[in-house]
1. Please determine, by comparing only the residues of region 313-362 that are aromatic (Phe, Trp, Tyr) and assigned to a helix (DSSP H, G or I), which one is nearest to the ligand (Cβ to nearest atom).
2. Taking the stated definitions as given, is Pro200 assigned to a loop (DSSP other than H, G, I, E, B) and open to solvent by 10 Å² or more (accessible area, probe 1.4 Å)?
3. Could you tell me whether region 280-287 includes any residue that is in the same structural domain as Arg104 (by TED's automatic domain parsing), away from the ligand (no atom under 15 Å from the Cβ) and open to solvent by less than 10 Å² (accessible area, probe 1.4 Å)?
4. Hey, can you tell me all the residues within region 99-109 that are open to solvent by less than 10 Å² (accessible area, probe 1.4 Å) and within 14 Å of the ligand (Cβ to nearest atom)?
5. Just to be sure, is Val268 over 18 Å from Pro204 (Cβ atoms), in contact (Cβ under 8 Å) with a residue 40 or more places away in the chain and not basic (Lys, Arg)?
6. So Val47 fits all but one of (1) surrounded by 20 or more Cβ atoms within 10 Å (Cβ to Cβ); (2) within 17 Å of Thr409 (Cα to Cα); (3) among the aliphatic types (A, V, I, L, M); what number is the exception?
7. With respect to Val153, is the statement that it is over 21 Å from Val271 (Cα atoms) and open to solvent by less than 10 Å² (accessible area, probe 1.4 Å) true?
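The values are calculated or read from the model by the stated rules, or taken from the named source; none is laboratory data. As the structure is a prediction and not an experimental result, all values here were calculated from the model. Don't worry about glycine lacking a Cβ; one is built from the backbone with ideal geometry, like all the others, and counts go over all protein chains shown. Remember, those area values only see protein heavy atoms, side chains included, never the ligands or the DNA or RNA. Shrake-Rupley method; radii C 1.70, N 1.55, O 1.52, S 1.80 Å.
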Amino acid sequence: MSKLVHCGRLFDGLIPDLLEGQEILVEDGVITAVGRNLSRPPGVEVVDLSGLTLTPGLIDAHIHTDIFRWEHLGGLLAASPNWVTLGHLHTAQRTLERGFTTIRAMGLLDPGFGIVDVKRAIDAGYFTGSRMVVACHMLGSEGSHADYSQFFVANPQRAEQIQMPNIGTGPDHFRRAVRREFKYGGDFIKFFMSGGFATPNDGPEEQQLSREEVAAIIDTAHALGRQATAHVYAPPEINLLLDHGIDGLEHAAMIDEPTARRVEQAGVYLVPTFSPYDEIIDFDEENMRKKPPEFAQKLRDYAQRLAAGRRVIAQSNIRLGFGSDLVAVHQAYESWYEYGCWLRAGIDPFRALTAATSVNADILALPRVGSVAPGQFADLAGWHRDILTDPDALSECDFVMKAGRSYPTNFTLT
Ligand SMILES: [Zn+2]
């Protein structure tokens, strides 16, 4: 079954331009031609999107899928494994409806491997949803940002009962944890180098893993031919990760100029996830009140450094990926919100759009998504708002196609 998509304007994921009057020929889920006035095979279905701007299906490279609603995040600690697995599916369906045809999902509170089942069920066509690249769990040390038993520290007996195989101490523990992630179907490793904002009893400047533990994680992932990326905020910990050959950085929200230069030279990618800190930088009292009190307080304490770090990132030549990391104020699947943060940070819209398409495809090691060209999977999204000037343009998706099949869109904002 062939389809001819007639575009109003087209961003192809590679060239920083909006091309007029382009047509995309799709056969058996794959793009076979792109250009003006393409010859029409017999029986081709013409999809007239002349009123829309087309982009490749977008990619969110940092998303926590196990949450149904961020307001209920705390309840996830007490939920059944089945409920948590359904959360992964719910989010993957909602992201597809919003034009994000691929997501790099990181486990959050799920102690099991339901995220792999959801990925496989979507790939097999049993359920609709975004393509998924997954890290099953976040590896980290005891008491770290990854150790969610710290929400029960007022009751140590209860906290000690919580089984989190991704939490531990020592290089041997982490070698085993990395192997276990891949054994059960994880695609890459995500670990916590430093503390964070959303947990009550640690901070973003804590070094939460030793050099030996970091080396064990990265070297084991590399020996198995996979990538490791790390949650990190400040220069000392970013530099330690670079020393050990890290592939990617998440957040790096307090990076300074010298460290940014080193990240550029190393060719390491950075997914800055501006969304979780947006309320403090582009100050929004109402949204600040929605965050848990300890989260909001830590943001206030670090407001200046977060703002400075964002400027360094925006003005750098670091290879930036696009990821939303929404766990409060917006739902996990509202990836569009991150785009406005990039534009408000003064980043060129084409840099943001390229990050969310071809750069992210490279980060996810999925060479057949993220661009509109012959041989690529026919993953497309269509937008009626002006994507170059409107920071909220991606909040309203009008058309989505994944592997040649169109899906209903939904841009209800909550
Ligand atoms: Zn995250």
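1. Step one: of region 313-362, the residues aromatic (Phe, Trp, Tyr) are 322, 333, 336-337, 339, 342, 350.
Checking the rest, the ones that are also assigned to a helix (DSSP H, G or I) come to 336-337, 339, 342, 350.
Numbers: Trp336: 17, Tyr337: 14, Tyr339: 17, Trp342: 17, Phe350: 26 Å.
Result: Tyr337.
2. On the way: assigned to a loop (DSSP other than H, G, I, E, B): yes; open to solvent by 10 Å² or more (accessible area, probe 1.4 Å): yes.
Taking the combined requirement at face value, the residue satisfies it.
3. no
4. Step one: filter region 99-109 for residues open to solvent by less than 10 Å² (accessible area, probe 1.4 Å), giving 99-107.
Matches in region 99-109: Ile103, Arg104, Ala105, Met106, Gly107.
5. yes
6. Here Val47 clears every test but (1).
7. Details: over 21 Å from Val271 (Cα atoms): yes; open to solvent by less than 10 Å² (accessible area, probe 1.4 Å): no.
No, not satisfied.
Here is a yes/no grid of residues against (1) of a type in the set (Lys, Arg); (2) open to solvent by less than 10 Å² (accessible area, probe 1.4 Å):
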| position | (1), (2) |
| --- | --- |
| Arg344 | yes, no |
| Thr354 | no, no |
| Ala361 | no, yes |
| Asp392 | no, no |
| Met401 | no, yes |
